[in-house]
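For reference, the structure is listed below as structure tokens.
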There are 2 protein chains.
Amino acid sequence: MEIVVVGGSDAAISAGLRARELEPNVRVKLLVADRYANFSICGIPYWFSGEVTDWQSLAHRTTAEIEKEGLELLFEHRATSIDAERKTVTAIANGESRTLPYDKLVIGTGATPIAPRIGGIDSPGVFVLHTMDDMLEIGKYIDDRSARSVLIVGGGYIGIEMADALASRGLDTLLVEAAPTVLQTVDPALGIIVGEELARHGVHVTCNVRVQTITVASDGRLAIHGSAGFETVVDLAVVAVGVKPATELAQTAGVMLGVSGAIAANRRMETSVADVYAAGDCIETWHRLLERPTYVPLGTTAHKQGRIAGENAVGGNAVYAGSLGSQVLKVCDQVAGRTGLRESEAIAEGYDALTIQESYWDHKVYYPHAQRVHLRLTGDRRTGRLLGAQLVGHRDSQVPKRIDVFAAALHHGATVAQLSDLDLTYAPPFSSPWDPVQMAAQAWERARARGE
Amino acid sequence: MEIVVVGGSDAAISAGLRARELEPNVRVKLLVADRYANFSICGIPYWFSGEVTDWQSLAHRTTAEIEKEGLELLFEHRATSIDAERKTVTAIANGESRTLPYDKLVIGTGATPIAPRIGGIDSPGVFVLHTMDDMLEIGKYIDDRSARSVLIVGGGYIGIEMADALASRGLDTLLVEAAPTVLQTVDPALGIIVGEELARHGVHVTCNVRVQTITVASDGRLAIHGSAGFETVVDLAVVAVGVKPATELAQTAGVMLGVSGAIAANRRMETSVADVYAAGDCIETWHRLLERPTYVPLGTTAHKQGRIAGENAVGGNAVYAGSLGSQVLKVCDQVAGRTGLRESEAIAEGYDALTIQESYWDHKVYYPHAQRVHLRLTGDRRTGRLLGAQLVGHRDSQVPKRIDVFAAALHHGATVAQLSDLDLTYAPPFSSPWDPVQMAAQAWERARARGE
């Protein structure tokens with residue numbers, strides 16, 4: 001059997017590896033558009049910060065390791081069309097067209113950056129950041145120009161991580177966000193804390209401003225104009241306002257699209273076209289809590305979905321359990337993240353949503369270096385069901401895995417009250433007899449009982 | 001209504017606070033045997049290490065804070081008998097007997113240290129460590145004698161924490177454990193790692209040795225003799241070989257005993273005697289996985305059970321969800337812990353237990369300071385059900401909350417395979433796209449598929 005996988009990132013590699021793990025006799029070819037297979041693009045900011053010195057180390061696996069698992073990597077093969085009837089996929093490689101037959105096809109084309117409507121966005125010195133090539137190009141530009149200032153357009157997680165990284169590298173860093181607070185994946189009250197942390201580390205954060213035009217001055221620097229009278233001049237700009245699913249290839253096969261224009265794939269990663277699977281940032285994602293497809297492109301999700309696509313491509317029957325939108329990022333010395341629904345999402349979904357916000361010590365305060373962790377917990381007043389949690393706290397405060405305790409509870413449909421029942425570990429350097437997760441749950445229960 | 005609570009530690013205070021929270025009109029009196037209410041005895045080792053300088057800060061709450069919540073603290077009231085028919089409890093205070101009536105009684109008498117059969121165990125310079133008074137007495141002894149060497153008898157969590165603390169304070173520290181490895185709450189393969197960590201930090205660890213006699217030399221130092229020719233001379237010895245439930249008071253009321261001679265209390269914390277509740281280290285504890293009572297004295301459990309006793313004493317109907325034996329401790333720069341059943345326990349319980357051990361990076365290795373985390377995962381081959389997990393890793397590796405992710409899954413009766421379905425957070429400084437929790441689950445699944 002011949003499996004062709006289009007893509008070289010998380011979903012694609014996971015699909016190929018899983019297929020070979022279960023069926024060692026299957027042939028798996030991966031069409032990789034660039035020269036980088038299985039790179040951790042989430043690691044890009046840490047190369048800019050200097051915490052990662054060798055960009056090659058950003059690979060989850062080396063080419064040799066991937067090939068050792070029996071995957072055939074066809075680099076610089078840009079897939080352009082699928083003939084679903086003949087079961088072939090055509091790619092351009094070295095300027096020549098090449099057609100490959102498949103028994104099963106897995107589409108893992110990922111997403112592409114959204115280009116916002118900004119005059120002069122194609123000017124030299126204005127970059128998007130999505131691929132290893134983007135990274136190297138920006139790095140070269142900074143070095144070649146000895147760039148000293150940068151504008152980040154967009155205060156989502158990539159924008160924030162890049163602002164953190166470039167400021168820590170010593171660049172004069174401005175971050176502009178159109179919304180009232182950065183990190184719109186958490187509620188504004190926590191987004192404010194994130195913005196403050198960036199500011200404390202030298203990032204100039206401006207919210208409520210839309211960048212409107214970018215013009216290149218005679219010295220090659222960029223003059224930026226935005227709403228509310230925003231004006232500045234910087235050496236370069238990085239635009240990170242989100243991504244959209246890359247579906248052009250899938251559409252050549254007649255694959256149906258779904259939420260947000262992403263490929264409609266079911267929980268077995270099957271598309272509307274026979275023998276064509278899809279996974280990762282190019283598809284819509286089943287939301288475990290909402291019980292319907294959403295568009296939540298995340299690396300963790302891509303790995304899970306790719307694994308399912310690979311399993312099912314070789315005759316398996318794996319079913320995706322669904323996403324909770326769990327995510328986390330480092331913001332200077334803090335960490336911010338969430339799982340499940342934030343307050344406004346819960347309300348929009350029609351839940352009788354109650355949200356509380358509290359802060360607690362990450363461990364017993366008598367033990368050195370105790371830090372406050374800010375928690376927002378959202379539950380449904382009517383049923384008592386846990387709907388989501390958002391945390392911001394110090395990078396040493398186990399914030400990511402505390403979110404994961406909420407994620408595990410959410411996965412199992414727990415009520416808020418059940419969080420108090422969890423037998424969590426305790427030692428004074430790491431927690432309290434009631435973990436902050438549980439103290440927040442009890443605060444929510446009290447607020448609900450008070451009729452809030 | 002008049003509630004009398006016997007005890008001043010976790011279970012007792014939790015019961016009193018919960019009763020007052022739900023019924024502000026109830027009178028709650030606590031009979032506290034010593035002068036220390038609501039102290040975090042788990043914090044004692046950090047006073048010895050010098051990380052906590054003011055022992056008073058070890059209080060979870062000050063006396064004023066407790067009294068502000070409406071609890072009446074009767075210090076140095078040692079309860080001696082209960083008359084269940086007349087509903088009174090008698091205590092000795094200042095050498096005088098005092099009898100108090102109750103409508104509801106909560107027994108939170110805790111546990112007492114086991115005194116092993118060692119000749120000369122009552123010699124001056126040989127201590128147990130369970131109360132604040134014990135702590136202060138040992139501290140004074142070390143100071144008064146300018147003690148430079150100490151023997152710890154017992155390699156359980158108190159022995160290990162004290163060895164860690166006293167070695168870091170500069171004492172020549174010996175730890176002797178009768179079993180082949182320290183920390184018998186984890187499997188030997190991990191216990192070895194814990195022992196090595198202690199040794200790396202200057203603790204002389206001797207396993208497979210039973211201390212047999214302690215004699216006081218003419219200079220007041222202690223000559224220790226043990227099995228296998230063990231001999232040493234030290235300035236003092238701390239015996240920490242476990243605890244037993246303190247049930248003498250309960251027995252005066254005719255309360256039935258259960259597992260390990262602990263007070264038999266049901267999941268509502270009711271004893272066999274009407275209107276008498278019990279909670280914490282003095283009672284047997286419902287095990288969520290085994291679905292039967294066990295004896296697992298832990299502070300987290302005491303807090304939960306006390307809260308339930310307090311709620312039910314004022315007419316509530318709270319039910320204890322059960323313990324998973326979740327626990328964690330700092331061992332020098334490492335952390336060790338577990339939840340659920342360890343391998344030998346699972347086998348003894350008749351499960352078709354399969355255990356795997358793997359080690360993984362705590363986060364992406366390209367990001368600085370990645371550390372290996374050792375995981376042991378036990379599941380039932382037949383049903384695929386998760387039975388337990390044990391972790392040892394660096395103190396910065398989020399080990400406690402990683403155990404808690406397992407604990408949350410165990411709470412909900414998850415299979416091992418379901419761990420891979422969890423939507424856990426990921427960013428390169430904190431994890432991998434598959435968290436070590438999930439990589440271990442997949443390793444277990446592969447081992448099971450291979451027929452191991």
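The values are calculated or read from the model by the stated rules, or taken from the named source; none is laboratory data. Because the structure is a prediction, the values reported are computed rather than measured. Counting neighbours? That spans all protein chains shown, and the Cβs are built from the backbone with ideal geometry, glycine included. Only protein heavy atoms, including side chains, enter the accessible area calculation; ligands, DNA and RNA are left aside. Shrake-Rupley method; radii C 1.70, N 1.55, O 1.52, S 1.80 Å.
Observations, loosely collected:
- Solvent exposure, largest accessible area first (probe 1.4 Å, DNA, RNA and ligands not counted), of A:T213, A:T88: A:T213, A:T88
- Residue-wise HN-Hα coupling along region B:58-66, computed from phi with Karplus coefficients 6.51, -1.76, 1.60 (Hz; x: Gly, Pro): 6, 5, 4, 9, 6, 4, 4, 5, 5
- Between B and A, accessible area buried - total, square angstrom, nearest 100, 1.4 angstrom probe: 5700 Å²
- The simple Förster model, with R0 at 22 Å and r as the Cβ-Cβ distance, assigns B:Q357 and B:H201 a FRET efficiency of 0.40.
- Only protein heavy atoms count here; under a 1.4 Å probe, A:Y360 has an accessible surface of about 30 Å².
- Relative contact order [Cα under 8 Å, 6+ residues apart], region B:218-308, whole percent: 18 percent
- Short-range pairs are left out: with C-alpha atoms under 8 Å and at least six residues apart, the relative contact order of chain B is 14 percent.
- Sorting B:D144, A:D34, A:D352 by accessible area puts them as B:D144, A:D352, A:D34; the probe is 1.4 Å, largest comes first, and only protein heavy atoms count.
- Residue mean of other protein chain beta carbons inside 10 Å, A:51-64: 2
- Cα-based shape type of region A:289-394, given that a ≥ b ≥ c are square roots of the gyration tensor eigenvalues and the cut on a/c is 1.5: oblate
- Under-5 Å amide H pairs with A:S149, H placed in peptide plane, nonlocal only: A:D172, A:D235, A:L236
- Here the peptides B:58-64, A:361-367 are ranked by packing, the mean other Cβ count within 10 Å, and the order with the highest first is A:361-367, B:58-64.
- Other copies of B:R27: label-to-label distances in nm, shortest first, labels 7 Å along the beta-carbon direction: 8.9
- Computed from label points 7 Å out along Cα-Cβ, the spacing between A:I347 and A:E2 is 5.6 nm.
- Inter-copy label distances at B:R268 (7 Å, Cα→Cβ; nm, one decimal): 4.9
- Rounded, prolate or oblate (a/c below 1.5 giving rounded, otherwise prolate when a/b exceeds b/c) for chain B by Cα gyration tensor: oblate
- Solvent-accessible surface (1.4 Å probe) assigned to B:C42 amounts to roughly 40 Å².
- Whole-Hz couplings from phi, Karplus 6.51/-1.76/1.60, listed for region B:260-270; x for Gly and Pro: 6, x, 7, 4, 6, 10, 7, 6, 9, 6, 7
- Looking at region A:249-322, the GluC sites (Glu not before Pro) that sit in a DSSP loop and have at most 12 other Cβ atoms within 10 Å of their own Cβ are A:E291.
- Protein heavy-atom surface of the protein assembly as shown, 1.4 angstrom probe: 47% of the accessible area is carbon and sulfur, with nucleic acids and ligands not counted.
- Ranking by accessible area, most exposed first, for B:W47, A:W444 with a 1.4 Å probe: B:W47, A:W444
- For the peptides A:218-227, B:297-306, B:255-264, the ranking by mean Cβ contacts within 10 Å, running from highest to lowest, is B:297-306, B:255-264, A:218-227.
- When the Cα gyration tensor is reduced to axis lengths a ≥ b ≥ c, the ratio a/c is 1.5 or higher for region A:1-98, and with a/b not above b/c it is classed as oblate.
- Averaged per residue, region B:105-207 has 39 square angstrom of accessible surface, using a 1.4 angstrom probe with ligands and nucleic acids left out.
- Rounded accessible area of B:E67 (nearest 10 Å², 1.4 Å probe): 90 Å²
- Inter-copy separations for B:S218, label at 7 Å along Cα-Cβ, nm, ascending: 10.0
- For region B:208-224, Karplus couplings with θ = phi - 60° (6.51, -1.76, 1.60), whole Hz, Gly/Pro x: 6, 10, 9, 6, 10, 9, 10, 10, 8, 7, 4, 8, x, 7, 10, 8, 10
- Reach of A:K87 by Cα under 21 Å, taken over lysines that are not fewer than 8 positions away in the same chain: A:K29, A:K104
- Between region A:151-227 and region B:208-224, the alpha-carbon center distance in angstrom: 67 Å
- FRET efficiency, 1/(1 + (r/R0)^6) with R0 35 Å, evaluated for B:S146 and B:R98 via beta carbons: 0.25
- In this calculation the C-beta distance from B:D34 to B:E452 is compared with R0 = 51 Å, giving a FRET efficiency of 0.45.
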